[in-house]
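Provided herewith is a single structure, encoded as C-alpha cells, for subsequent inquiry.
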Amino acid sequence: MGKIKRKRPRRGSLQYWPRKRAKRIYPRIRNWPHKKDTKLLGFAGYKAGMTSVIFVDNRPKSSTKGEEIKKPVTIIEVPPLKAIAIKLYGKSYNGLKILGEVWAEKLDKEIARKLTLPKKRKTTLANLKEKLSDAEEIRVLACTQPKLTGFGKKKPEIMEFAIGGEDVKAQFEYASSILSKEILVSDVFKEGELLDIHAITIGKGFQGVIKRFGIRLQSHKAEKGRRKLATLGPWTPKHVPWWTPQAEQMGFRTRTEYNKQLLKIGKSKETPITPKSGLSHYGKVKSQYVLVAGSVPGPKKRLIRFTHAMRPKKGAHTQPPEITHISLGAQN
C-alpha cells in the first residue's frame, strides 16, 4: 500500500500582506461600528491570563441546553478610562480632518510620561461648540490608568474612541459630560454582548519559512539544507514574486477577532478572580475585570482593545449565561 498524501492549506494567509511588525504595541482602530445609543463604542484593558468557568447553557438551539458546560475564558483587567480631550472632525477630500480640540483642565501627572502637557488651554468648550455646524464626527481622547492594576505599570496609553449616535450635538453633549471623568466598562458594555477584539499578537522574532509558513521539509539528500525553500521562482523573469515564502519577522502584528462573547463583568473585591498564588507573569487583579469566551491575541500585560461587534452573527444569543463556578486553581 502506497503512502497516503495528505493536503492542507498553506499557512500565512495572503489576506494579511505585507506581513510586517506593528508600529506600536497597542492597536489602532480604523473602522467603528454604528450604534444608535450615544456612548463610547469601545473600551480597553490589560490581558491577565486564562481560566475556565462552568455555566448553564442558555442557547435555545444548543444540544446541551439547560445543562452545565465548561468553557475556557480570558481574564482582561479593565480599570476605568479617563476622558482627557474632545476632538471635532469634519469632511475633506482626503477623509476626515480635525477642526479643533479641547483638553481637560486637570490632567493626571502620569500623562506627562506619555506626552508634553500644554501649559495654557487655547480653546474652550464654548469655542469648540461654535464649530459644530461644520463637524461630521465627535471623538474622545482617553487614557488608561495602569497604576490601578496589579502589575505596577505607570505610563498610560492614550487613544481615540468614537461615540455612537447620529446627532453631532448629542455626541458633543455626551463628550462634554464625561470630560475629565472616569468611564467604567459597565457604562459601555453589557454582559452577554458580542465584542470585536483588537490586539497585537505575540512576537516571535526572525523565523524561517518552515515555522513561518509551514513549508514541508526537503529530502535528506537536498544539497542546500532541508529547512530552505526549494525554488524562489523561474529564471526568467529574474524576479522573486511577492507571494513567495521567505524568512522574516513572525508575530507582533495587529489582528482582529470577531464576535467574542462577554460572559461576565466583575469586581475583584466582590467576586475574586485571582488564585492565592496570583496569576503567573501578571500578579493580582485589583480593579474591574471582564471574562471573554475563548482566547485573545497577545501576551499577558498587553493592552487589548474591544469594540461592539461590527458584523454580529444573525440570530446570535446575547443573553448572559448563569455562571455557577469560576476556577481559581492553577491558571495560565
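Which of the strands (runs of 3 or more DSSP E) found entirely inside region 225-308 contain at least 1 residues meeting this: more than 14 Å from the chain's Cα centre (by Cα) and modelled with pLDDT of 95 or more? Talk me through it step by step, then tell me what you get.
On the way: elements: 248-250, 254-267, 288-293, 303-308.
By residue number, 254-267, 288-293.
Would a scan of region 161-178 turn up a residue that is assigned to a loop (DSSP other than H, G, I, E, B) and touching a strand residue (DSSP E or B) at 6+ places or on another chain (Cβ under 6 Å)? First the steps, then the outcome.
The first filter runs over region 161-178 and keeps only residues assigned to a loop (DSSP other than H, G, I, E, B), leaving 164-167.
Adding the requirement that they be touching a strand residue (DSSP E or B) at 6+ places or on another chain (Cβ under 6 Å) leaves none.
No, that holds for no residue.
For region 254-280, name all the residues that are among the polar types (S, T, N, Q) and either surrounded by fewer than 16 Cβ atoms within 10 Å (Cβ to Cβ) or under 19 Å from Pro312 (Cβ atoms) (or both). Outline the logic, then answer.
Here is the first cut: in region 254-280, the ones among the polar types (S, T, N, Q) are 254, 256, 259, 261, 268, 271, 274, 277, 280.
Scanning region 254-280 gives Thr256, Asn259, Gln261, Thr271, Ser277, Ser280.
Could I ask something else about it? How about region 36-56: which of its residues are surrounded by 12 or more Cβ atoms within 10 Å (Cβ to Cβ), closer than 30 Å to Ser176 by Cβ, of a type outside the set (Ser, Thr, Tyr) and more than 19 Å from the chain's Cα centre (by Cα)? Show your work before the answer.
Within region 36-56, the subset surrounded by 12 or more Cβ atoms within 10 Å (Cβ to Cβ) is 37-56.
Then drop every residue that is not closer than 30 Å to Ser176 by Cβ, which leaves 37-46.
Subsequent filtering for residues that are of a type outside the set (Ser, Thr, Tyr) retains 37, 39-45.
If the condition is that a residue be surrounded by 12 or more Cβ atoms within 10 Å (Cβ to Cβ), closer than 30 Å to Ser176 by Cβ, of a type outside the set (Ser, Thr, Tyr) and more than 19 Å from the chain's Cα centre (by Cα), then Asp37 is the only one that fits.
What are the residues in region 105-138 that are under 26 Å from the mean Cα position of the chain (by Cα) and hydrophobic (A, V, I, L, M, F, W, C), if any?
Leu107, Ile111, Ala112, Leu115, Ile138
Tell me, please, whether a residue that is among the hydrophobic types (A, V, I, L, M, F, W, C) and assigned by TED's automatic domain parsing to the domain that holds Ile304 can be found in region 26-33. Quick ask: steps written out before the conclusion?
Start the filter on region 26-33 by keeping residues that are among the hydrophobic types (A, V, I, L, M, F, W, C), which leaves 29, 32.
If we keep only those that are assigned by TED's automatic domain parsing to the domain that holds Ile304 too, we end up with 29, 32.
Checking region 26-33: at least one residue is among the hydrophobic types (A, V, I, L, M, F, W, C) and assigned by TED's automatic domain parsing to the domain that holds Ile304.
Let me ask something else about it. Criterion first (surrounded by 12 or more Cβ atoms within 10 Å (Cβ to Cβ), of a type in the set (Lys, Arg) and part of a loop (DSSP other than H, G, I, E, B)) does Arg59 satisfy it? Give the steps one after another, and end with the answer.
On the way: surrounded by 12 or more Cβ atoms within 10 Å (Cβ to Cβ): yes; of a type in the set (Lys, Arg): yes; part of a loop (DSSP other than H, G, I, E, B): yes.
Spelling it out, Arg59 is indeed surrounded by 12 or more Cβ atoms within 10 Å (Cβ to Cβ), of a type in the set (Lys, Arg) and part of a loop (DSSP other than H, G, I, E, B).
Next question. Any residue that is in a loop (DSSP other than H, G, I, E, B), at pLDDT 90 or above, among the small types (Gly, Ala, Ser) and in contact with a Pro (Cβ under 8 Å, 6 or more places away or on another chain) - is there at least one of those in region 189-209? Before the answer, list the steps.
Of the residues in region 189-209, the ones in a loop (DSSP other than H, G, I, E, B) are 189-193, 201-204, 208.
Filter again for at pLDDT 90 or above, leaving 189-193, 201-204, 208.
Checking the rest, the ones that are also among the small types (Gly, Ala, Ser) come to 192, 203, 208.
Adding the requirement that they be in contact with a Pro (Cβ under 8 Å, 6 or more places away or on another chain) leaves 192.
Yes, region 189-209 has at least one match.
Every residue in region 160-180 that is in contact with a Leu (Cβ under 9 Å, 6 or more places away or on another chain), surrounded by fewer than 17 Cβ atoms within 10 Å (Cβ to Cβ) and of a type outside the set (Lys, Arg), please.
If the condition is that a residue be in contact with a Leu (Cβ under 9 Å, 6 or more places away or on another chain), surrounded by fewer than 17 Cβ atoms within 10 Å (Cβ to Cβ) and of a type outside the set (Lys, Arg), then Glu160, Ser176, Ser180 are the ones that fit.
To keep it simple, each residue is scored yes or no on (1) assigned by TED's automatic domain parsing to the domain that holds Ile25; (2) under 30 Å from Leu40 (Cβ atoms); (3) among the small types (Gly, Ala, Ser).
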position: Glu193; (1), (2), (3): yes, yes, no
position: Ile200; (1), (2), (3): yes, yes, no
position: Arg212; (1), (2), (3): yes, no, no
position: Arg227; (1), (2), (3): no, no, no
position: Ala230; (1), (2), (3): no, no, yes
position: Met250; (1), (2), (3): yes, no, no
position: Val290; (1), (2), (3): yes, yes, no
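The values are calculated or read from the model by the stated rules, or taken from the named source; none is laboratory data. Remember, it's a predicted structure, so these values are computed and weren't measured experimentally. Note: ideal-geometry Cβ built from the backbone for every residue, glycine included; neighbour counts use all protein chains shown.
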